[in-house]
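Every read-out reported here was derived from the displayed coordinates using simple, explicitly stated rules and does not represent laboratory data. In this text the structure is predicted, and so the values were computed from the model without any measurement. Cβ atoms come from the backbone with ideal geometry, glycine included; neighbour counts cover every protein chain shown.
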Amino acid sequence: MNDLDPLGWDDEWAALADDEEGVVGRVVRQDRGWVQVARSIEQVDSCRTRADRVGTPVVGDWVLTADDEVAAVLQRRSALRRADPVGEGAQVLAANLDRVLVVMGLDRPVKAGRIQRAVVQAWDADAEPTIVLTKTDVHDDMDSERERVARENPGVDVVTVSSHDGTGIDDLRGRLGSSMVVLVGESGAGKSSLLNALAAGDVAQIGDVREHDAKGRHTTTRRELHLLPGGGLVVDTPGVRAIGLYAEPEAVDAAFPDVVDLASQCRFSDCSHDREPGCAVQAAVDAGDLSPDRLEAYRTMHAEAEWAQMPEHERRRRR
């Protein structure tokens, strides 16, 4: 068994690395100008990065290093990204992932828009989204809440867990298997507690949650990869208050299969689903079969995705 196998190494990565020189490892933590690179589950080295030479490696990247410096980044299979909060373009949050766990705490209102944006991000990364409703021990009717969230997100698995009493943790761990998973969600949603429960140990710091509004402090300040007992890799991420969308329009369609299915039934192929005759989408809204808010979310995110993919000169012209 290769020392890198528990970190997700396989024959395809080996084939890519054959054309490069250096020592292989996987980025498990990213700091300013440095990354922590795992050579095995027991050896982690600090390596300097030069953005002008190899770009910016992120957690989950496979890299080759020489003289304590990243010499090459292997081509990514997938990337979780968002709109850069401090500039143009995309910010890559994690690479080479298989699944995104959208974590929502049941000690606060479950926000449909936040879930929808995270699901779009997951599909854009070619990863499978799973919605995880945490803190079931403080909710009186978790079954109805789970059913509601499932109805609002067709095609996406919804699971309920309690990191406090262990409810649902074994089931979720079994679903994850040996996959590479990224946790996303706002501060205080229970991501770090969930990671600790999955890892069966205290690998992530847990912060207090304010009682009056259920908001948490940012106890996770950087993205970091953790190995689960029995296999599987989990990346904990800092909580974010807003998600700027940077995705392909196809990812939005994947998150709204009900709207896309209705749109295929419209009389006109270029229907804007507004006032056109024979619009199946508006007919569904009028009949109460499709929420107006869901249609508006679809339109808004499609517009954001199209804007993100637009050439910069076209964006300047439209501004």
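Legend note: in the chain, cysteines whose Cβ sits 4.7 Å or more from every other cysteine Cβ are C47, C279.
For a test of the definition: using alpha carbon positions, the gyration tensor, and the 1.5 limit on a/c, classify region 256-318 as rounded, prolate or oblate. Prolate is the answer for region 256-318, as a/c is 1.5 or above and a/b outweighs b/c.
Comparing mean-square fluctuations of A287, A297, A150 from a GNM of the chain with C-alpha springs under 10 Å, the top value falls on A287. Ranked by how many other Cβ atoms sit within 10 Å of their own Cβ, fewest first, the residues S162, S272 fall in the order S272, S162.
Once C-alpha pairs closer than 8 Å and six or more residues apart are averaged by separation and normalised to the residue number of region 5-75, the relative contact order reads 31 percent. Counting Lys and Arg as +1 and Asp and Glu as -1 over every other residue whose Cβ lies under 9 Å from the Cβ of Q282, the net charge comes to -2.
Cα gyration tensor of region 38-141, axes a ≥ b ≥ c as square roots of the eigenvalues: rounded (a/c below 1.5), prolate (a/b > b/c) or oblate?
Cα axes put region 38-141 in the prolate bin.
A simple rule links phi to the HN-Hα coupling: the Karplus curve 6.51 cos²θ - 1.76 cosθ + 1.60 with θ = phi - 60°, which for region 262-273 gives 5, 4, 5, 9, 5, 5, 10, 5, 9, 4, 8, 6 Hz, with x for Gly and Pro. Legend: calculated FRET efficiency, D141 to E248, from the Cβ-Cβ distance at R0 = 35 Å, rounded to 0.05, equals 0.40. So what's the net charge close to R117: Lys and Arg +1, Asp and Glu -1, counting the other residues with Cβ under 10 Å from its Cβ? Summing Lys and Arg as +1 and Asp and Glu as -1 gives +2. Using the Cβ-Cβ distance between R316 and D171 with R0 set to 35 Å, the FRET efficiency works out to roughly 0.10. Full extension of the segment from L16 to D289, taken as 0.36 nm per residue of separation minus the current Cα-Cα distance, would add 93.4 nm. The protection proxy used here, the mean number of other Cβ atoms lying within 10 Å of each residue, ranks peptides 244-251, 44-51, 130-137, 226-233 as follows, highest first: 130-137, 244-251, 226-233, 44-51. The Cα-based radius of gyration of region 5-75, divided by its Kirkwood radius, gives an Rg/Rh of 0.92.
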